[in-house]
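Comments concern the structure below.
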Amino acid sequence: MAAHFIQANTNGRLHPASEPSISPLNRGYLYGDAIYEVWRTYEGIIFTWEEHWARLFRSAKSLYMELPFTPAQILSEIRHTVAAYRERSNDAGELYIRIQITRGAGAIGLDTALADRADFVLLVQPCPTMSEAKIREGLTLSLATSLHRNPVDALNPAWKTGNYLNNVLCLREARARGADDVVMTNHAGEITESAVSNIAFVRDGAVVTPPLAAGILGGITRDLLLTKIGAAAGVPVREAVVKPADFASMDESFLLSTTKDIAPIAAIDAAKFKLGAGTVALKLKAAFAGYMKSYAAAHPELRA
């Protein structure tokens, strides 16, 4: 089956994503010296635009990377890229929008002073979705045992950078066991997150999710669960340390991410979790859909 079309925009130049567009000396390519963010649209509106931009800025600051682009400039480029994608693909559906910003190119060497000027690549493609069947069936996850999540005091997972080998190798281990995704632990043996999603658990009707201090990305969906969605659904949500030994006492589990929103988990290795009607996960998923709808109605200025 042919791959779907992906529209790219490199520093303002539109082109198919299959076409090379950066220098072999680009530091994102050579060293992973880059940051990125992903938005999705809902009813054609770029969802949580400001929250993702703020995290992008924090990541840049953490890497001592100067951003020569304003939010308004990038929003304009996103609209330009989306229009080109829709014209080429005839796809009127919801979109996945990714921006990657690198420190630029320059002479070979690790010194950041060798970089010339930050550049960007935008990618637009259909927003991936979980089928209704998969939501009913739930995801299967497996605990990584050969590697831990990289620690906060080495390369902080809160920075959304171009360095994903830790996630890639942990996911590879889980996929080799037939799982859909991985669960990573830190060096203290505490649960952190999956390959590209935060994770949460339900015990006695309340949600528990690992704290930022465990070494995780501060997910936008996770933050919405803590600050808005839980309260809207009447479900208590708190941060707490979770260890693999705690799985047996958990009733449910789910992943949280921009593209998945709330994705129910059926099992983590031998630990099984409740699925289907009446679960807290589906209650929260419905509340999240309601929040997205109200956000879209309130932000017509963010139409892509």
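The values are calculated or read from the model by the stated rules, or taken from the named source; none is laboratory data. The structure presented is a predicted model; accordingly, all values stated were derived computationally and were not measured. Every residue, glycine among them, receives a Cβ derived from its backbone with ideal geometry; neighbour counts consider all protein chains shown.
The combined condition, being in contact with a Pro (Cβ under 6 Å, 6 or more places away or on another chain), under 30 Å from Glu137 (Cβ atoms), β-branched (Val, Ile, Thr) and in contact (Cβ under 8 Å) with a residue 12 or more places away in the chain, is fulfilled by Ile191. Going through (1) surrounded by fewer than 17 Cβ atoms within 10 Å (Cβ to Cβ); (2) outside any helix (DSSP H, G or I); (3) of a type outside the set (Val, Ile, Thr); (4) modelled with pLDDT of 95 or more one by one, Pro68 falls short only on (4). Residues in the range 1-50 that are among the charged types (D, E, K, R), touching a helix residue (DSSP H, G or I) at 6+ places or on another chain (Cβ under 6 Å) and surrounded by 18 or more Cβ atoms within 10 Å (Cβ to Cβ) were compared, and the one that is farthest from Ala105 (Cα to Cα) is Glu37. Give the residue that is surrounded by the most Cβ atoms within 10 Å (Cβ to Cβ), with candidates limited to residues of the range 247-304 that are of a type in the set (Asp, Glu) and out of contact with any strand residue (DSSP E or B) (no Cβ under 7 Å at 6 or more places or on another chain). Across the range 247-304, the extreme among qualifying residues is Asp261. Where strands (runs of 3 or more DSSP E) fall entirely within the range 234-304, those with at least 2 residues that are modelled with pLDDT of 95 or more, hydroxyl-bearing (Ser, Thr, Tyr) and within 21 Å of the chain's Cα centre (by Cα) are at 252-257.
Of all positions in the range 115-133, at least one carries a residue that is assigned to a loop (DSSP other than H, G, I, E, B), among the aliphatic types (A, V, I, L, M) and farther than 21 Å from Arg222 by Cα. Scanning the range 83-112 for residues that are of a type in the set (D, E, K, R) and crowded, with 22+ Cβ neighbours inside 10 Å yields one hit, Arg103.
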